Amino acid sequence: MKELWTTMASLMGVLAFFQTLIHTVVPPELRFAVLKLFQRLFNCFSAYCYYEITEIDGVNTNELYNAVQLYLSSAASSSAFTSSNRLSLTRGLNSSVITYGLANNDRLSDVFRGVPVVWEHIVTPRQSQTFSWRPMPEEKRGFTLRINKKNNAQLLKDYLEFITEKAGEIRRKNQDRLLYTNSRGGSLDSRGHPWESVPFKHPSTFDTLAMDPMMKVQIMCDLSDFANGEEFYKRTGRAWKRGYLLYGPPGTGKSSMIAAMANHLGYDIYDLELTEVNTNSELRKLLMKTSSKSIIVIEDIDCSINLTNRKKTNGGSVESVSGKRSGPSGSPGPAAAGPGPAGAGPGPAGAGPGPAGPGDLDGNGNNNSITLSGLLNFTDGLWSCCGSERIFVFTTNHIEKLDPALLRSGRMDMHVFMSYCSFPSLKILLKNYLGIDEVDIEKDVLDELAAVIDAAEMTPADVSEVLIKNRRDNDRAVKELLEALKTRAEKRRVDMRGRVEVEEAEEEEKRALDSPKDGSGAVKCGDDVEGDYKKGDEDNGVD
């Protein structure tokens with residue numbers, strides 16, 4: 001054994017001597033040429049092609065490197081767990097998900113369309129910099145992709161496109177949603193964008209949403225079909241967008257529905273405040289600055305600006321969104337040309353509001369001239385297709401106040417009525433707030449709840465408040481909820497009875513006013529009236 005170590009030490013000494021001799025005698029250019037020759041010979045006989053993807057491309061970050069890093073860190077890439085023994089764990093900014101990554105100088109195998117490929121993460125120390133406009137990392141990082149030569153031509157482009165798309169999906173899935181709002185008066189932020197954003201962390205999901213389960217399934221299927229329908233919309237020649245109208249009483253979960261839609265699809269939300277938008281042109285610019293895979297929301301659209309049904313006025317003019325009268329083509333009509341006499345009242349013949357201050361376009365102190373036509377083009381015109389995979393959501397408490405042009409298919413494709421709390425919705429709320437199922441409640445109590453819930457017409461928000469106050473005691477919470485439902489149902493019955501009595505009294509009074517009168521004031525009709533006319537003529541000497 002001693003002789004073996006002695007021989008190995010001698011060989012290493014000889015190799016070190018020859019290495020020093022080569023570095024001394026052979027110039028660096030010749031050594032580099034010899035190495036390059038050997039490399040070319042190796043490539044000629046090798047069955048693989050190698051591609052390097054560096055982290056820094058000149059002075060800019062290589063986006064393809066980031067995409068590959070995200071793709072290889074995906075938990076969906078199960079090969080990472082079988083072909084690599086060392087993985088790095090990271091969590092990005094604004095992310096609650098821990099991702100797996102390939103360790104330094106390690107490799108893993110992947111399969112695309114049945115063709116195996118090999119990725120290797122190369123990390124080497126960077127040489128000391130003399131001068132640079134941009135500080136460089138101390139380590140030089142990159143990925144090396146190895147593909148079989150016979151599959152290179154048909155595989156590389158499609159594989160890299162697949163990696164880019166997959167990385168985008170992973171990025172949206174891992175990062176928290178963003179909630180945007182338009183800046184006041186159309187002002188721009190420090191980056192020149194008209195939208196300001198904050199992380200969107202609303203926990204609402206379709207599982208926690210208190211509404212009819214069948215309706216939830218229908219909405220989820222519709223959303224999934226939309227998100228996966230790029231080829232369908234392209235084939236049918238339609239813009240890749242969809243509109244939802246959520247309407248119903250306050251407190252029925254319209255805002256929670258929007259949050260559940262965003263969490264279900266992984267989309268950002270743009271909350272558009274129409275009162276801060278002054279013109280149709282500004283509205284279009286806001287639309288152009290929204291990203292794909294987003295939900296554009298206008299809440300309480302009937303309260304934001306005047307969107308009531310257009311009413312015919314003199315000359316066939318119609319009401320515009322801002323309350324000004326306009327002609328058939330949408331331009332202001334003659335009656336709206338100016339205010340009335342100096343005063344706060346309307347102009348001549350009710351033409352419009354009184355005098356307004358400078359820039360007061362609607363007479364209410366709001367410099368707002370958005371027209372109904374501009375809003376319709378925003379949702380379903382040519383400008384609505386500048387981008388793709390967008391969802392428009394309008395909410396309102398009074399659907400009857402909206403103009404029918406806003407409600408038709410193509411603008412609001414799906415109308416969702418958010419109703420009062422039903423028995424299926426109640427069971428969801430009991431599960432969410434108290435953690436109990438219907439089997440945990442006595443059958444008699446459950447039957448009483450089922451019998452009274454529809455008559456009470458309580459919103460999910462009201463029911464939730466009762467459960468929250470008593471969430472430490474389930475029995476007490478159910479008991480107080482039942483009492484609240486009974487009280488509400490009884491109050492509604494009394495109110496209904498009172499309304500019926502008032503309506504009957506009004507109807508009786510109307511019939512009394514419409515019935516013929518007796519005595520001297522009786523109304524005459526038929527032949528009696530004609531006889532009176534003849535008698536009067538004779539008295540006046542008329543033949």
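The values are calculated or read from the model by the stated rules, or taken from the named source; none is laboratory data. Fair warning: this is a prediction, and the values are worked out from it, not measured in the lab. Positions of Cβ are backbone-derived with ideal geometry, glycine not excepted, and every protein chain shown enters the neighbour counts. What goes into the accessible areas is simple: the full protein's heavy atoms, side chains included, and nothing from ligands, DNA or RNA. Shrake-Rupley method; radii C 1.70, N 1.55, O 1.52, S 1.80 Å.
With the simple spin-label model, which puts each label point 7 Å out from Cα in the Cβ direction, the Phe17 to Arg184 separation comes to 8.5 nm. Non-local amide H neighbours of Ser388 (under 5 Å, H modeled in plane, Pro and chain starts lacking H): which ones? Sorted by chain and number, the residues that satisfy this are Ser292, Lys293. Annotation: amide H of Cys421 within the under-5 Å range of Met458, Thr459, sequence separation 5 or more or interchain, hydrogens built in the peptide plane. Applying 1/(1 + (r/R0)^6) with r as the Cβ-Cβ distance of Thr279 and Ala103 and R0 = 60 angstrom yields a FRET efficiency of 0.60. Charge tally around Arg471: other residues with Cβ under 15 Å, Lys/Arg +1 each, Asp/Glu -1 each, net 0. Taking 0.36 nm per residue of sequence separation and removing the Cα-Cα distance, the Lys510/Tyr51 pair yields an extension gain of 156.2 nm.
What is the local net charge at Val494, summed over the other residues whose Cβ is closer than 12 Å to its Cβ (Lys, Arg +1; Asp, Glu -1)? Net of charged neighbours comes to +3. Taking the Cα centre of the range 249-300 as origin and assigning +1 to Lys and Arg Cβ atoms and -1 to Asp and Glu Cβ atoms, the resulting dipole is close to 260 debye.
Extension gain, Glu457-Arg471: 0.36 nm per intervening residue step, less the Cα-Cα distance, totals 2.8 nm. Reported to the nearest whole Å, the Cα centre-to-centre distance from the range 393-436 to the range 457-475 is 20. Applying the Karplus relation 6.51 cos²θ - 1.76 cosθ + 1.60 with θ = phi - 60° to the range 467-473 yields 3J(HN,Hα) values of 6, 5, 5, 10, 5, 7, 10 Hz, where x marks Gly and Pro. Projecting label points 7 angstrom from Cα along Cα→Cβ for Val217 and Val494 puts them 4.2 nm apart. The gain in end-to-end length when the Glu196 to Cys385 segment is fully stretched comes to 65.8 nm, 0.36 nm per residue minus the alpha carbon separation. Residue ranges 259-269, 492-502, 289-299 sort as 259-269, 289-299, 492-502 when ordered by packing (mean number of other C-beta atoms within 10 Å per residue, highest first). Here the Karplus relation 6.51 cos²θ - 1.76 cosθ + 1.60, evaluated at θ = phi - 60°, turns the backbone of the range 495-503 into coupling constants of 4, 5, 5, x, 5, 5, 5, 5, 5 Hz, with x for every Gly and Pro.
Charged neighbours of Asn151, selected by a Cβ distance under 15 Å, balance to +3 (K, R count +1; D, E count -1). Near the amide H of Asp300, within less than 5 Å, lie the amide hydrogens of Thr395, Thr396, all on another chain or at least 5 residues away, with H placed in the peptide plane.
Placing a pseudo-label 7 Å from each Cα along the Cα-to-Cβ vector at Cys303 and Val123 gives an inter-label distance of 5.4 nm.
Using a Förster distance of 51 Å, how high is the FRET efficiency between Leu35 and Met1, based on the Cβ-Cβ distance and rounded to 0.05?
Given R0 = 51 Å and the Cβ-Cβ separation, E is 0.85.
Residue order by solvent-accessible surface for Ile170, Ile122 is Ile122, Ile170, largest first, with ligands and nucleic acids left out and a 1.4 Å probe.
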